Amino acid sequence: MPVRVTESSMPSQVFGENPGNTTLPPCTLLSVGQAFSGTQNVSSLQKDEAWRVNVRILGCDLDHGYLCGTMEALNVPMADTPVVTFWEGEIVDTKNYTFFTNKWGATSDDDIKHWTKFPSFSRLRSQVEIDGGKSLDLSNYPYIFMRWKEQYFVNVGTDCGLTIAGFYYVCFSCSDGSISGFYYDPNSSPFQKLELKSINEGRSGFSFSSYELQ
Amino acid sequence: MPTSASASGPIQPQSSAETSSSLQSRPIPEDLIGRLSSSTVPYEIKVKALRDLKNQIIGNRTKKLSFLKLGAVPCVVSILSSATTSTAASRGNLDSIIIQSAAVIGSFACGFDAGVEAVLQAGALQILLRLISYPNEKVVDAGARSLKLIYQSKLAPKFDFFKDQNMEFLLSLLNCDNENVTGLGASVITHSCQTSMEQRALGDAGVITKLINLLGGSLIQRDSSLESLAAILKENSEVILKFVGPENGRALNVVIELTMDKYPRTRLLACMCLIVIRNALPSYLQDLQIKTKLVLILLELLDDPGQVGEEAPFALSSLIAGKEDLQKLAFQENVIDKLCNHLEKGSLQAKCLQGIFLALADLCSRLESCRTRLLSLKGLHFINHAMTHDSAEVRAAACICLRNISRSVENLSAGTFMKESVMNPLVQLLCDTSTSVQVAALGAISNIVVDFMVQKTTFIQCGGLKQLVELSKSMDSTLRMNAVWALRNLIFLVNDRCKEAILLELTQSTITSLICDPEAFVQEQALALVRNLVDGSTDCIKHVFAEDFSLLDTVIRQIQSASKAEVLIQGMYVLTNVASGNELHKEAVMNLLFPTPPGGPQSIIFKFLQSNDSRLRTSAAWTLVNLTLPSSSGAFSRVSKLRKVGIVSQLKNIINDPCLDVKLRARTALGQVMTFGDGSP
């Protein structure tokens, strides 16, 4: 059982003196090659429904607050095969990106509403409401907040009857690699919840691959 | 280019000289050489023969080569030498011979390395240098022009600024009223100034002040002064401060003014001078206006049909290389579109093509927006075409450009590059006769084979794997390193079948020797390759146990002996990945890391947990997390052993590590150890 990390030791580091100038330090569980598995709840008023989802991190550039990967939805009703999309992520590091989305049809109210659904956001909320979190130093915070936006379908055409118009508010736990997310698209059911856990392909422990671009 | 038919006229453009000479009937080369070699022909005939020779070779490499083969150069140098020492003829006649022979020597040296070699071999340099102190201005002029052409070649010997009276001689050249002599002085500096010590010595001797004054002189003086200032200032902030500091930066303002000169070459040289200053002292020339101006001037100079147009993309490349702000600015100014327009026009000289691909490579080195734009403008088509160009420099530049575009993970995921049309010519280049082309091709391949679309078989089918394995055994360490790097990326996230295929071609013994390579970077890439090999399905771990644990033994030996953190990190991740397997795997790692009974030498992992490198501490902590995973059946006995060797205190030391990643892994490992009790009986 992992040691419980007590959150009370964090605040002094969270509100550091050097905000907005540092990128987030690397977290091995969020590095290239890492895989996650779980579900996305797509329930509507008519019926309860959840799709199995696999995610793999393919690229990570902390200097630019950039992350990308693929997302595979497994039991999508209208698709014959699993549907794979490529997504790009904005890491909220307060240098490249703040908690305010400022695009994709999301207002700062929408942002706060979604971020607030993550318990780990509560201690940041008051500052985020003031400046989007620009003055926060998140470099030692054990959670990483991101926005993931699907860019294209990898294995099906755009006529597959599915949409990737929205984006995800994502919270990643550096301790255990678990991911929570909420899909935002004004035209889809609100607050579709994404829940993923770090997986290790039948191993008894954690394994890490790596590549390096020239 | 030298020179017209007149005895001492100014340097003429090549076209007019060619036109005038083509109207005359040309003497047979052998006859000309005969007349030049004869000691009996009257001096007028000799002067005419020299003039004829000069007119035949101007701007004509083929003629230069054929006269070279006939021994024209030593013959002319001998005429020059005799004329400088002779007392037999009248001074006027001798001077005419000197002027003509100096001009012929200059012509042979102009833009023709074989000519320069012959001129130097014949001992012309010292004789020409003596001409500078002649009383006859026309002789001085001819000598200076010839020397300048020789010093434009890389083959010319370096001028030693520290030797005897050389600095005084150089200053006397720069102080001279004759513009060709001052131009020569500046050319000598451009050619020979390379070290920071030379730069400082030239600055201390007052050369910079002289050159600044020459910026207000004639066109020749301005251009050669700008060129040598760039050589003196290059990568030397101390000397640059001496240039930009005095008189409120007057000299800098003069150079800025010259970027708007009416002559394209002056504009280019002024830009290059400013680029040198900005690259060494980024705090200068930060103004957006000047940065934009530089980009726009260089773009405009690309249209120049001559040498300036060929050099402009290199200057652009040096302006934007490694500087994201300037790359963004260039992107906003549509530089990619304009460079592609040039490529679209076709029929570009090799040098110009090389420069354009290098500039595009720099533009695409960091910004995804640039890569997307270039790809949308048929960038891959241009690169494909250039990969089969006759010039090795163009082929290498095209590969460098492809390498930088293929840093786009988005396009790697879309399989943009892993196509036969790209891979076939690229794999061919792995057998190129030029090592720099091979290295550049390996760079592009390293990125492209990361490919996430499970199309890696395309690469293997193109024969790429065989070539990479071959190059991983090269005697050239750069080739070896890049080949292993590509193999490491190729094996990233591949299925078991593909791993088997790679392993079959590469073999365990090659991997073993690469892990033990004398070059640390090869070791690092080889260990990263093994790390990827044992990732994925648990079944893959068996590869490091094959042949009597040979790979695993080599890994642990390297971990114990290497000193470079990057090598150790990759080695520890091999152990982490193996320790994420079954009980047998975990026990093997345990025995390798803790081979001795308690009381023996301390395990190497303790050293890594205390390392200054947080990445190494993290990798070591992960190994412990996997070894102590409570759900595995042998965890209790491993934890007991770990306790005995003092793991608890080691982990406690880092549970408040300044690095969050280390702290979290240490806490996980410690928590797992504590699951089995606190160790008390």
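What does the structure give for B:576-582 when I average, per residue, the other chain Cβ atoms found within 10 Å of the residue Cβ? Each step should come with its number before you reach the end.
Values: counts 5, 6, 2, 5, 9, 5, 3.
Going residue by residue through B:576-582 and averaging, the value is 5.
Cβ-Cβ distance of A:T107 and A:S44, R₀ of 25 Å, FRET efficiency by 1/(1 + (r/R0)^6): the value works out to about 0.60.
Each stretch of four or more DSSP H residues adds -39500 (n - 2.57); spread over every residue of chain B, this sum gives -21500 deg cm²/dmol at 222 nm.
Please compute, for peptide A:80-89, the average count of beta-carbon atoms on other protein chains lying within 10 Å of each residue's beta-carbon.
Details: counts 0, 0, 0, 0, 2, 0, 5, 1, 4, 0.
Per-residue shielding by partner chains comes out at 1.
Working note: 222 nm ellipticity from helices only, DSSP H runs with n ≥ 4, each -39,500 (n - 2.57), summed and divided by the residues of chain A, gives -2000 deg cm²/dmol to the nearest 500.
Here is the list for the stretch A:86-130: trypsin sites (Lys or Arg not before Pro) lying in DSSP coil, each with at most 13 other C-beta atoms within 10 angstrom of its C-beta, are A:K103. Just check the stretch B:27-157 against the gyration tensor rule for me: Cα atoms, a ≥ b ≥ c as the square roots of the eigenvalues, rounded for a/c under 1.5, and otherwise prolate or oblate depending on whether a/b exceeds b/c. Cα axes put the stretch B:27-157 in the oblate bin. Anisotropy class assigned to the protein assembly as shown is prolate, per the alpha carbon gyration tensor with a/c at or over the 1.5 cut-off and a/b larger than b/c. Note on chain B: dipole from Cβ charges, positive end direction compared against B:L527, B:V77, B:I277; the farthest Cα belongs to B:L527.
Put in line by how crowded their Cβ is, counting other Cβ atoms within 10 Å and starting with the fewest, B:V181, B:V76, B:V41 read B:V41, B:V181, B:V76.
Taking each residue of A:195-206 in turn, how many C-beta atoms of other protein chains fall within 10 Å of its C-beta, and what is the average? Numbers along the way, then the final one.
Numbers: counts 0, 0, 0, 0, 0, 4, 5, 7, 13, 14, 17, 11.
Mean partner shielding for this stretch: 6.
Can you tell me the orientation of helix B:660-675 relative to chain B, as the angle in degrees between its alpha-carbon axis and the longest Cα principal axis, to the nearest 10? Value to nearest ten degrees: 20.
Between rounded, prolate and oblate, where does the stretch B:579-681 land on the alpha carbon gyration tensor, with a ≥ b ≥ c its root eigenvalues, rounded for a/c under 1.5, else prolate if a/b exceeds b/c? Taking the square roots of the gyration eigenvalues as a ≥ b ≥ c, the stretch B:579-681 is rounded. Here the Karplus curve 6.51 cos²θ - 1.76 cosθ + 1.60, taken at θ = phi - 60°, turns the phi angles of the stretch B:97-107 into couplings of 5, 4, 4, 5, 5, 4, 5, 5, 4, x, 5 Hz, with x standing for Gly and Pro. Taking the Cα atoms only, what angle lies between the long axis of helix B:219-233 and the longest principal axis of chain B, rounded to 10 degrees? Computed tilt is about 30 degrees. A viscosity of 1.002 mPa s and a temperature of 20 °C, combined with the Kirkwood radius over Cα pairs in Stokes-Einstein, give a translational diffusion coefficient for chain B of 72 µm²/s.
Based only on other Cβ atoms within 10 Å, what is the fewest-to-most ordering of B:M674, B:M272?
Numbers: B:M674 17, B:M272 25.
Exposure proxy ranking, most exposed first: B:M674, B:M272.
Extending 7 Å from Cα along the Cβ direction at B:Q602 and again at B:M260 yields two label points whose distance is 6.8 nm.
Applying 0.36 nm per residue to the separation of B:T507 and B:D613 and subtracting their alpha-carbon distance, the gain on full extension is 34.9 nm. Residue exposure proxy: A:R56, B:R557, B:R250, ordered by other Cβ atoms within 10 angstrom of their Cβ from fewest to most, comes out as B:R250, B:R557, A:R56. Using a cutoff of 8 angstrom between alpha carbon atoms and counting only pairs six or more residues apart, the relative contact order for the stretch A:11-163 works out to 27 percent. A crude spin-label estimate for the pair B:Q428 and B:E519, with each label 7 Å from Cα along the Cβ direction, gives 2.6 nm. Each label point was placed 7 Å from the Cα along the Cα-to-Cβ direction; for B:Q332 and B:E235 their separation is 3.1 nm.
Between B:L70 and B:Q152, what's the calculated FRET efficiency when r is the beta-carbon distance and R0 is 25 Å? Round to 0.05. List each step's numbers first, then the result.
Working: r = 25 Å, r/R0 = 0.98.
Using R0 = 25 Å, I get an efficiency of 0.55.
For an R0 of 56 angstrom, estimate the FRET efficiency from the Cβ-Cβ distance between B:S631 and B:Q286 and round to the nearest 0.05. Between B:S631 and B:Q286 the formula returns 0.45. Within the stretch B:128-166, the chymotrypsin sites (Phe, Trp or Tyr not before Pro) that combine a DSSP coil assignment with at most 15 other C-beta atoms in a 10 angstrom radius are B:F162.
We did not get these values from a lab; they are worked out from the coordinates using the rules stated. Since the model is a prediction, treat every value here as computed from it, not as a measurement. Neighbour counts run over all protein chains shown; Cβ positions are idealised from the backbone, glycine included.
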